[in-house]
Amino acid sequence: MSLPAVSNSEWTVMELLWEKSPQTAAEVIAALRESTGWAPNTIRTLLARLVEKGALKAKDNDAGVREFAPAVRRDAVVRAESKTFLQRVFRGAEKTLLAHFASNAKLTPEEVKELKKLLDENVKSKS
């Protein structure tokens, strides 16, 4: 299954629904309106667009109110978005991406240790 591309605004809606779902449009609007400043119609448009893309599923509950829930898992979308970012910004060069982040990130010694462990495990799994 192809995963839908998700814009920054759509990502905000998805994060809310990955955290707690299903939710009605009114619940999504209440949760996002203050933090984003978006009008209710903007949020409804984002919900409709995400349903159209296949990122959300919409179903009427027992009271006849439409509820929204993710149709795709967060980790799968993160993986797809990461690949797109890698291709677009670093032309697919994983080493360049890692070197860029390693030289520009403010990592604690513990975080560096964890990253080294992940890299070592990656090398071992490919041997």
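The values are calculated or read from the model by the stated rules, or taken from the named source; none is laboratory data. On a predicted model such as this, the values are computed, not experimentally measured, just so you know. Heads up, the Cβs are rebuilt from the backbone with ideal geometry, glycines too, and the neighbour counts pull from every protein chain shown. Quick note on the areas: whole protein, heavy atoms, side chains included, nothing else; ligands and nucleic acids left out. Shrake-Rupley method; radii C 1.70, N 1.55, O 1.52, S 1.80 Å.
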- Residue check for LEU50: at pLDDT below 95, open to solvent by less than 50 Å² (accessible area, probe 1.4 Å), in a helix (DSSP H, G or I) and within 20 Å of ALA5 (Cβ to Cβ): no
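Going by the conditions given, is GLU81 over 15 Å from LEU17 (Cα atoms) and exposed (fewer than 12 other Cβ atoms within 10 Å of the Cβ)? Reasoning before the result, please.
Values: over 15 Å from LEU17 (Cα atoms): yes; exposed (fewer than 12 other Cβ atoms within 10 Å of the Cβ): no.
Taking the combined requirement at face value, the residue does not satisfy it.
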Confirm whether ARG66 is open to solvent by 60 Å² or more (accessible area, probe 1.4 Å), more than 22 Å from the chain's Cα centre (by Cα), closer than 24 Å to LEU3 by Cα and of a type in the set (D, E, K, R). yes
Checked pairs for region 1-27, first touching a residue at least 12 places away in the same chain (Cβ under 8 Å), second open to solvent by 70 Å² or more (accessible area, probe 1.4 Å) and not in a helix (DSSP H, G or I), C-beta under 8 Å and 6 or more apart or across chains, list as PRO22/LYS59; THR24/ARG66; ALA25/ARG66
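So which of ARG74, ARG91 ends up being open to solvent by 70 Å² or more (accessible area, probe 1.4 Å) and in contact (Cβ under 8 Å) with a residue 40 or more places away in the chain?
Working: ARG91 fails: in contact (Cβ under 8 Å) with a residue 40 or more places away in the chain.
Among ARG74, ARG91, only ARG74 is open to solvent by 70 Å² or more (accessible area, probe 1.4 Å) and in contact (Cβ under 8 Å) with a residue 40 or more places away in the chain.
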Screening TRP38, TRP11 for residues that are open to solvent by less than 70 Å² (accessible area, probe 1.4 Å), modelled with pLDDT of 95 or more and in a loop (DSSP other than H, G, I, E, B) leaves only TRP38
When ALA5 is run through (1) loosely packed, with under 13 Cβ neighbours inside 10 Å; (2) at pLDDT 95 or above, the failure sits at (2)
